């Protein structure tokens, strides 16, 4: 299957491009400019890929639900939720390849996608939320699925998180783009105590209609929620109950949804 990568500027001019069968790499030997974006194309949709659109970010297993994915290169305020090394300098290596069968079938974190973004419509998993604190990049839903679980602070990388702007009705949704089978979630709350609060209860609601109620404690450690296996296309984190403490700021550093292809 033909895979393509290219860099375009804000006017749509192609700055660099490459294509290959089943795998492609693109070396871009210039600095990014504000307004540049990365385009990844697959000859066939509904395929499993391993992508690395920035060489300072680990490769990610993803499901491509369309033929083309576009990622705006983050600049200014949007860049601070990434490592300072990311998207910087004058030499960039981007790679995409078809996933191997063992990578497709293995039990894994189905929520992980460090290349997720608001504009993403087909590179799954994809996260979204009904609220993000002040609309700031360091509090976007994507931060909770980027694989960075450092939680001893808040704000810029590596302490980016999903912030709920003190909204008691905050919800976060993770879409998988296809039906998967899951039986475990792992939640890492932000733990910048005493600045932060925490949630004591919540619900995971699945697209098949099932729900799992869970409890959390005040800790900086990941908390595992195991449940009866279900098949779903998305999961919704909702009904989050804040602890009765002085801080108004509960937040989520990372959520993992563990499972396999259905």
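Just a few scattered comments:
- For the range 123-261: rounded, prolate or oblate by the Cα gyration tensor [a/c cutoff 1.5]: prolate
- Global geometry of the range 107-173, whether rounded, prolate or oblate, following the gyration tensor of its Cα atoms and the 1.5 cut on a/c: oblate
- Relative contact order %, the range 35-153, counting alpha carbon pairs below 8 Å whose residues are six or more apart: 28 percent
- Calculated [θ] (222 nm, deg cm²/dmol) that DSSP helices of n ≥ 4 give over the chain, each run adding -39,500 (n - 2.57): -500 deg cm²/dmol
- Gaussian network model of the chain, Cα within-10 Å springs - most flexible of 113, 151, 18: 18
- 14 Å reach of a label modelled at residue 229, 7 Å along Cα-to-Cβ, counting backbone N of the range 169-185: 180-184
- Contact order normalised by residue count of the range 123-261, Cα under 8 Å, 6+ apart, percent: 33 percent
- Among 14, 148, 235, residue whose mean-square fluctuation peaks in a GNM of the chain (springs only between Cα atoms under 10 Å): 14
- Label point at residue 203 placed 7 Å out along Cα→Cβ; residues across the range 242-261 whose backbone nitrogen lies under 19 Å: 242-243
- Structural descriptor for the chain: relative contact order 18 percent, calculated from alpha carbon pairs under 8 angstrom and at least 6 residues apart.
- Amide N proximity, the range 22-50 versus residue 260 label position 7 Å along Cα-to-Cβ, cut-off under 19 Å: 48-49
- When the alpha carbon gyration tensor of the chain is reduced to an equivalent ellipsoid, the three semi-axes, largest first, read 32, 23, 14 Å.
- Largest GNM mean-square fluctuation across 79, 173, 213, computed for the chain with C-alpha springs under 10 Å, falls on 213.
- At q = 0.15 Å⁻¹ the log10 of I(q)/I(0) for the range 2-106 amounts to -0.61, computed by Debye summation with a single uniform scatterer per C-alpha, solvent ignored.
- Distance between modelled label sites at residue 102 and residue 44, nm, 7 Å Cα→Cβ extension: 2.2 nm
Every number in this text was worked out from the coordinates using simple rules, so none of it is lab data. Values in this document were obtained by computation on a predicted structure and should not be read as measured data. Positions of Cβ are generated from backbone atoms using ideal geometry, with glycine treated the same way; all protein chains shown enter the neighbour counts.
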